[in-house]
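Undergrad: Please find one structure pasted underneath; my questions will follow.
The values are calculated or read from the model by the stated rules, or taken from the named source; none is laboratory data. Remember, predicted model here, so these are calculated numbers, not experimental data. Note that each Cβ is placed from the backbone with ideal geometry, even for glycine, and that neighbours are counted across all protein chains shown.
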Amino acid sequence: MGMENAEFRYLVVERDEEGIAVLRLNRPEARNALNLELIAELGRAADMLARDDTVRAVIVTGGEEVFAAGGDIKEMAGKYAPDMLNAYGADLSGFEKIERIPKPVIAAVSGYALGGGCELALVCDMIVASETAVFGMPEITLGIIPGAGGTQRLPRLVGPHRAKEMIFTGSFFDVHACREMGLVNSVVPVERLMEEAKELARRCIRNGAVALACAKACVNEGMNTDLYTGLAYERKCFSLLFSTEDQKEGMQAFIEKRKPAFKGR
Ligand code: CAA
């Protein structure tokens, strides 16, 4: 663990014996603003956690004070279009790597999740938020627009009208408004945030890892394609799961009226 954290400047990665990894942004002096280095570290951490079979689920958090205040405005201020297309365009794939971890990924959000910070929460599978969480896309107030998936993932999640209100106005939304629009799964007091996220992770990982990976891939692929392509993808994944030991175990356990013991294969 010491070794692996040594390779990160702005991230802390912890794993527990249950197989839940916590990936915590740690750049408090800049409200966890996402500079290029931090985004690259997120990509490296995502690769590491995706490959590690002992990790069953991932929680992404910024701690109790702030989730993340967005892209690093000081780093971006003097840039021109080619810089953004090259450096940032390539490095934002760090977010996509988080999205593609084939395990449940839960954002535990407390405090501000703005701009790129909100977009980071959007690449997670579910969002658990504290009562102090605030979401927003303030890019428009800086003369730009969301550039890490906000104009694409937010409308897919909450619908185009709500997404446009958030993106066009740059206003901040409290956690209750976000719960109402379907952006967050649940709201808890700050001190319960990590336990709530872990409990949600546990409710997922008591199920088989292969089925979870397939379920995630089907929902994510399906959201990005037409219904019939998505249904064909689902049919293949559904059928393939009948070649796993977990399917035999899961159905046998039901018939024998006992709890299944999944092995993730
Ligand atoms: N980039 C760089 N530095 C940031 C930052 C950001 N996004 N957000 C905060 N900081 C820095 C501040 O400049 C300040 O640094 P100094 O101590 O050197 O002055 C430090 O963090 C503390 O910030 P504040 O004093 O402003 O803290 P606060 O608690 O009063 O306010 C806040 C917190 C509401 C989050 C406020 O900092 C803020 O509005 N931040 C900017 C939010 C924003 O506009 N985000 C969108 C960025 S663009 C983007 O995200 C593009 C994209 O899609 C990738």
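Undergrad: Looking only at segment 21-49, how many residues end up being of a type in the set (Lys, Arg) and surrounded by 20 or more Cβ atoms within 10 Å (Cβ to Cβ)? Please lay out each step first, then the result.
TA: Start the filter on segment 21-49 by keeping residues that are of a type in the set (Lys, Arg), which leaves 24, 27, 31, 44.
Okay, now just the ones that are also surrounded by 20 or more Cβ atoms within 10 Å (Cβ to Cβ), so 27.
Looking only at that region, the number is 1.
Undergrad: Continuing with this model, one more query. Might you let me know whether segment 97-117 holds any residue that is over 29 Å from Glu195 (Cβ atoms), of a type in the set (D, E, K, R) and out of contact with any Asp or Glu (no Cβ under 6 Å at 6 or more places or on another chain)? Steps first, answer last, please.
TA: Of all residues in segment 97-117, those over 29 Å from Glu195 (Cβ atoms) come to none.
Checked segment 97-117: no residue is over 29 Å from Glu195 (Cβ atoms), of a type in the set (D, E, K, R) and out of contact with any Asp or Glu (no Cβ under 6 Å at 6 or more places or on another chain).
Undergrad: Could you look through segment 121-142, keep only residues that are within 9 Å of the ligand (Cβ to nearest atom) and part of a helix (DSSP H, G or I), and pick out the one that is nearest to Pro189 (Cα to Cα)?
TA: Let us first name the residues in segment 121-142 that are within 9 Å of the ligand (Cβ to nearest atom), namely 134, 136-139, 141-142.
Now drop any that are not part of a helix (DSSP H, G or I), which leaves 138-139, 141-142.
Details: Pro138: 25, Glu139: 28, Thr141: 30, Leu142: 32 Å.
Among those that are within 9 Å of the ligand (Cβ to nearest atom) and part of a helix (DSSP H, G or I), it is Pro138.
Undergrad: Would you confirm whether any residue within segment 79-92 is closer than 18 Å to Ala121 by Cβ and at pLDDT below 95?
TA: yes
Undergrad: Same structure, new question: I'm checking my understanding of the structure. Among residues of segment 202-248 that are of a type in the set (Asp, Glu) and crowded, with 16+ Cβ neighbours inside 10 Å, which one is nearest to Pro155 (Cα to Cα)? Can you show your working first?
TA: First, the residues of segment 202-248 that are of a type in the set (Asp, Glu): 221, 226, 234, 245-246.
Remaining after also requiring crowded, with 16+ Cβ neighbours inside 10 Å: 234, 246.
Working: Glu234: 23, Asp246: 35 Å.
Top of the filtered list is Glu234.
Undergrad: Are there any pairs with C-beta distances below 9 angstrom linking a residue in segment 236-265 that is farther than 26 Å from Gly222 by Cα and assigned by TED's automatic domain parsing to the domain that holds Ala213 to a residue that is among the hydroxyl-bearing types (Ser, Thr, Tyr) and at pLDDT below 95, with the two at least 6 apart or on different chains, and if so which?
TA: If the second residue must be among the hydroxyl-bearing types (Ser, Thr, Tyr) and at pLDDT below 95, no pairs are left.
Undergrad: Kindly check whether there is at least one residue in segment 25-47 that is modelled with pLDDT of 95 or more and farther than 29 Å from Val134 by Cβ.
TA: Yes: segment 25-47 contains one or more residues that are modelled with pLDDT of 95 or more and farther than 29 Å from Val134 by Cβ.
Undergrad: Whether any residue in segment 67-76 is closer than 15 Å to Phe8 by Cα and more than 9 Å from the ligand (Cβ to nearest atom) is what I want to check. If you could, list the steps in order and put the result at the bottom.
TA: Let us first name the residues in segment 67-76 that are closer than 15 Å to Phe8 by Cα, namely none.
The answer is no, given that none of the residues of segment 67-76 is closer than 15 Å to Phe8 by Cα and more than 9 Å from the ligand (Cβ to nearest atom).
Undergrad: Restricting attention to segment 157-191, which residues are free of Cβ contacts under 8 Å to residues at least 12 places away in the same chain and under 15 Å from Ile127 (Cβ atoms)?
TA: Residues satisfying the conditions are His176, Ala177, Glu180.
Undergrad: Output the residue which, of all residues in segment 176-234 that are under 17 Å from the mean Cα position of the chain (by Cα) and assigned to a loop (DSSP other than H, G, I, E, B), is modelled with the lowest pLDDT.
TA: Ranking the candidates gives Asn224 first.
Undergrad: Answer yes if at least one residue in segment 143-161 is over 21 Å from Leu42 (Cβ atoms), within 15 Å of the ligand (Cβ to nearest atom), of a type in the set (S, T, N, Q) and surrounded by fewer than 19 Cβ atoms within 10 Å (Cβ to Cβ), and no otherwise.
TA: no
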